[in-house]
Amino acid sequence: AKTKSTNTYRLESRNKFRDCLVRDKAQQILTSKLQQANYDGVSSPSLCASISEEILKAVKGFGFDRYKYVVSVLIVEKTDQAMIVASRCLWDVQRDNWVSAKCETETFIALALVMACYYD
C-alpha cells in the first residue's frame, strides 16, 4: 500500500546537486577502474555497464534530493579518428545539471556523462 502524503509546494531541492562533487567522484572511479586497462572490444560493453552502475551508486550516495539520474559511459578505441558525442533532451536550465569526466590511456578514451534531472 502506498503511503499518502500532502504536497509540500516546494519548488527547490533542500540538498541541491553539486557538480564539483559528482565530477570529482566520476573522475576518480574512471581513473581507478581504467588506468591500467587495455582496450578490448568484447569486454568493453560490460565494463561500461559496471562503471556506470558504480558511478550511479556513488551519486545516489551523496543524497541529493528530488533528482533522477542518467549515467552513460562510453569507451572508444584510439585509432586516429575524430569523434563527436551529442545528446538531446528537454532541459530545465535552472534546476537540471550535468557533469562529464574523461579518462585517456594509450589504447582508448573513456567518457562518463552524468545527467541530474530535477523532479518534484
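The values are calculated or read from the model by the stated rules, or taken from the named source; none is laboratory data. Worth saying up front: this structure is predicted, and the values here are computed from it rather than measured. Note that we place each Cβ from the backbone using ideal geometry, even for glycine, and neighbour counts take in every protein chain shown. Keep in mind that these areas ignore ligands, DNA and RNA; they rest on the heavy atoms of the full protein, side chains included. Shrake-Rupley method; radii C 1.70, N 1.55, O 1.52, S 1.80 Å.
Backbone amide hydrogens, once placed in the peptide plane, bring Asp96 within less than 5 Å of Tyr118, excluding anything fewer than 5 places away on its chain. Projected onto planes of every orientation and averaged, the convex hull of the alpha-carbon atoms in the chain covers 9.8 nm². Computed in the context of the full set of protein chains, the accessible area of segment 19-118 at 1.4 Å probe radius has 51% of its extent on carbon or sulfur. Mind pulling the angle between the C-alpha long axis of helix 44-61 and the longest principal axis of the chain? Nearest 10 degrees, somewhere in 0 to 90. That helix lies at roughly 30 degrees to the long axis. Peptides 47-60, 4-17 ranked from most to least packed by the mean count of surrounding Cβ atoms within 10 Å: 47-60, 4-17. Given +1 at the Cβ of Lys and Arg, -1 at the Cβ of Asp and Glu and no other charges, the dipole of segment 1-79 around its Cα centre is 600 debye to the nearest 20.
Given the DSSP H assignment, sum -39500 (n - 2.57) over each helix run of at least 4 residues in the chain and divide by its residue total; what's the result at 222 nm in deg cm²/dmol, nearest 500? If you can, show how the numbers build up before the last one.
Values: 2 runs with 34 residues, N = 120.
Calculated from helices alone, the mean residue ellipticity at 222 nm is -9500 deg cm²/dmol.
Restricting attention to the chain, the count of lysine pairs at 8 or more positions apart or across chains with alpha carbons under 14 Å apart stands at 10.
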